[in-house]
1. Anything in the range B:200-214 that is part of a helix (DSSP H, G or I) and more than 7 Å from chain C (Cβ to nearest Cβ)? List them, or say none.
2. I'm trying to understand the selection: among the residues of the range A:59-78, which are over 19 Å from the mean Cα position of the chain (by Cα) and either away from chain B (no Cβ under 13 Å) or surrounded by 20 or more Cβ atoms within 10 Å (Cβ to Cβ) (or both)?
3. Exactly one condition in (1) at pLDDT below 90; (2) polar (S, T, N, Q); (3) outside any loop (DSSP other than H, G, I, E, B) is false for C:ASN278; which is it?
4. Look through B:VAL194, B:VAL228, B:VAL189 and report the one residue that is within 14 Å of chain C (Cβ to nearest Cβ), within 23 Å of the chain's Cα centre (by Cα) and closer than 24 Å to B:PRO104 by Cα.
5. Starting from the range A:173-189, keep only residues that are in the same structural domain as A:LEU125 (by TED's automatic domain parsing), then list their pairs with residues that are β-branched (Val, Ile, Thr) and assigned to a helix (DSSP H, G or I) whose Cβ atoms are within a distance under 8 Å, requiring at least 6 positions of separation or different chains.
6. Which condition breaks for B:VAL244 when tested against (1) farther than 27 Å from B:ALA107 by Cβ; (2) over 23 Å from the mean Cα position of the chain (by Cα)?
7. For residues in the range C:141-165 being over 15 Å from B:GLY119 (Cα atoms), within 26 Å of the chain's Cα centre (by Cα) and at the interface with chain B (Cβ under 10 Å from one of its Cβ atoms), which is surrounded by the most Cβ atoms within 10 Å (Cβ to Cβ)?
8. I need the full set of residues from the range B:54-92 which are in a helix (DSSP H, G or I), closer than 21 Å to B:GLN176 by Cβ, touching a residue at least 12 places away in the same chain (Cβ under 8 Å) and among the hydrophobic types (A, V, I, L, M, F, W, C), in order please.
Amino acid sequence: MAGSRHPQDTETKPDRGARLSLQGVSRCFNGPAVLDGLDLEIASGEFLALLGPSGCGKSTLLRLIAGLDQPDAGTIERDDPEAALAYVFQDASLMPWRSVLGNVALPLELGGTSRGERDARVAALLDTVGLTDAAHRFPGELSGGMRMRVSLARALVTQPALLLLDEPFAALDEFTRQYLDEHLQQLWLERGMTVVFVTHSISEAVFLADRVIVMSPADGRLVRDFRVDLPRPRLAATRTGIDFTRQVQMLADTLREHSLHA
Amino acid sequence: MKAPTPEVWLPPVISLVAITAFLEGWLALTAVPGYLMPRPSAVMGALIASGQELLRATLQTALTASAGLLASAVLGGLAAVLLCIHPWIRRAFYPYAVFFQTVPIVAIAPMLVIWFGFGPKAVMASAFIVSVFPIIANTLSGLLSADPALRDLFRIYRAGRLTTLLKLQIPGALPQFLTGLRIASGLAVIGAIVGEFVADTWENGGGIGTAVMIAIKEQRTDKVFAAVLMAALLGLLFFALVNVLSRTAMRRWRLGELSE
Amino acid sequence: MRRLPALLTIVLLALLSACSSEPDGGSNPRLTLQLNWVPEPEFGGYYAAREMGAFRDAGLDVEIRPGGPGVPVMQLVASGQATFGITSGDSLLVARERGIDVVAVFALYQSFPQGIMAHAERGLNTIADVFQGGTLAIEAGTPWHRLLEKRFGFSKIRAVPYSNNLGPFLHDPNFAQQCFITAEPIAARHAGAHPRVFPISDIGYNPYSGVIVTRREFLDQHPDKIAALIRAVRQGWQAYLADPAATNQFMHGLNPTMDLATFSDAAEIQKPLILGGNTPPQPIGGMEFARWRTLAEQLRDLGLISRVEPEKAFVNP
């Protein structure tokens, strides 16, 4: 269910993707360092997956990039620190007392956008994720998949240069998850923002990302920086292809190697 | 609102009838004198005979208790908002809020008479003092337990402290506030009644607390029970009203049928 | 939690003892006298009787139990948890109306000790003047409350609950309140006020007060014990009226909140209430049929009782 396109829809212009440079980033919580001197360069418009088991520090890294946490050492630089940034949580984290409309409008409200402009952008985005009919429903009435789509719409409403997602589809069933993976890819292809996507699903990482960064609890740095070699757009059929399976296997091997040391 | 189905109202009605019948029979059989424990039939008799008087008294208490509860809701809610602003404020002032919970109202009721004089104001003050703490405690808990993910979201969008308070914490605290209000509703009735013992003026006949006091003095044990019954029903009514309010206000939060 | 079984046993025993009637203590059962307030001069004769050994000499084992606010004396006597109790004559008649067969055997106050206390500065002359304005604290539900309302009307005053708190009286010059003649006026004077006391008996309402009551059952079973008790009680009161100092000291030990000066003043003020009022003069505590009949008729006219049978209500042992 791809978003429809209107000739005057300004949302089809790709958002300028942020460029990030992480150098020597370290972070520890009461003991061993979760991140220890991590270096990472992220190009503009790149789709990056952070892959690893629990405790490897991928969520910590995402929070540091988002500015929700400060590194103990090292720097995180963005080419434009003022550019819009968006974060999608594993739980859709919608406000139950607001309608779908109200939830999607929140970032614009907090940013001081005028009412008229807000309404227009929210309507456009709901159209994109296919939830126009649900605009006046409340989160309590929606399924998990629908709630996540609202969360995505909310994330995109400020036309972010950087989109961060922390295992957003992990709580959903397999079919919804795959559907939303495809949907997310579509949104990214249309807009061109930089995406950092945290997951512990290897197949999801390979399906979505340009690059997969493998992390391990035993190592505070990147274990592997893997370039995914698959044509775009990746379709449902791609998941069953030999290339896909081979690359998933390679990453699985990497993960297994490093989990023995955990 | 749909009328309650039989499976909702039938069990309590049955238990009520059963307990009343048992009491009536047992008290008759053991010939317990009426001045120690009146039979349900005697209490019913007193209720009917003094019905108008007790109803009017209950209404008077209902008014003062409502006013006290309203004051608790407003001032208690405000106090919770102030307390949620900073841990120092909480450490400095929360103990005084706890004081409202622990102070025995019977002991300070005479003080209320000195500060507010005899009459409805002192009775409302008593209702307020007894009912305000659950609202403060529960609302504060709600304000401080905003969804951490939403809090992060507000930080990402650079929302200020006040904005976060107004758009996230306060609306998010509604369920806890209503829980506090539910607890406070019955307490407000108790507070009003205790206040009446000390401060009620009987220009309009007095509240239900006064009615209890007089019935005790007149050694009308059946009327004492009838008045106490009315007081209990009033408390129940308050509780039920707050429940209805709560369900209505929280309707949107509720999970409806899944549509996908 | 280990003490739970013991606790339960104690509770059970208490419940059982509450259900039982007279302690069947063999030849000399313990008799309990339940007071309706804390130890004060109004009970001086009883403590004096005990201290001077009058009960012991009469062969009686008497326990005096102090009361306080809210102690249900009538219920305690009616259910057998106390042998004797102290109450007022009007309460006794109302209790009999409710089916409690208790009987008066002794009436300490021949003149009713309740009154209305107002500030002398108001220049009031009679009790009727009190009802022309201001605030009146009165105990709701008492017969004299109803009588005063019927006689004078409460439309010009603000009637409020009576409590043991002297504060409102002291702070408001237009505040009047019900009082026990030997108590609040003394305290008010000590606090610097000038109270003017109007006895309720001024309007012709003069029930016996400080009345010892017991169940008819006990009266029928032990008339000799009751006669002996009353004799001992009279001795105690004679001694106390002659010289209250030692007993006051003793009672002050049980009730330290009242100072000895007040004990002394109260003991003095109550004398005429105990000794005077009857023609021909009765021995201390003696009762007349005519007065019980008058009281019963008054209560009937107020709608508080339906039957007037004063002869069943009292006995002069």
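1. Hits for the range B:200-214 are B:ILE208, B:GLY209, B:ALA211, B:VAL212.
2. So the first thing to find is which residues in the range A:59-78 are over 19 Å from the mean Cα position of the chain (by Cα), and the list is A:70-75.
Matches in the range A:59-78: A:PRO71, A:ASP72, A:ALA73, A:GLY74, A:THR75.
3. It is condition (3) that C:ASN278 fails.
4. Exactly one of B:VAL194, B:VAL228, B:VAL189 is within 14 Å of chain C (Cβ to nearest Cβ), within 23 Å of the chain's Cα centre (by Cα) and closer than 24 Å to B:PRO104 by Cα, namely B:VAL194.
5. Close Cβ pairs (under 8 Å, with a partner that is β-branched (Val, Ile, Thr) and assigned to a helix (DSSP H, G or I)) do not exist here.
6. (2)
7. Only one residue fits best here, namely C:PRO143.
8. Residues satisfying the conditions are B:LEU69, B:ALA71, B:ALA73, B:LEU75, B:ALA79, B:ALA80, B:VAL81, B:LEU83.
The values are calculated or read from the model by the stated rules, or taken from the named source; none is laboratory data. Keep in mind that what you see is a predicted model, and the values were worked out from it rather than measured. Cβ: placed from backbone, ideal geometry, glycine included. Neighbour counts: every protein chain shown.
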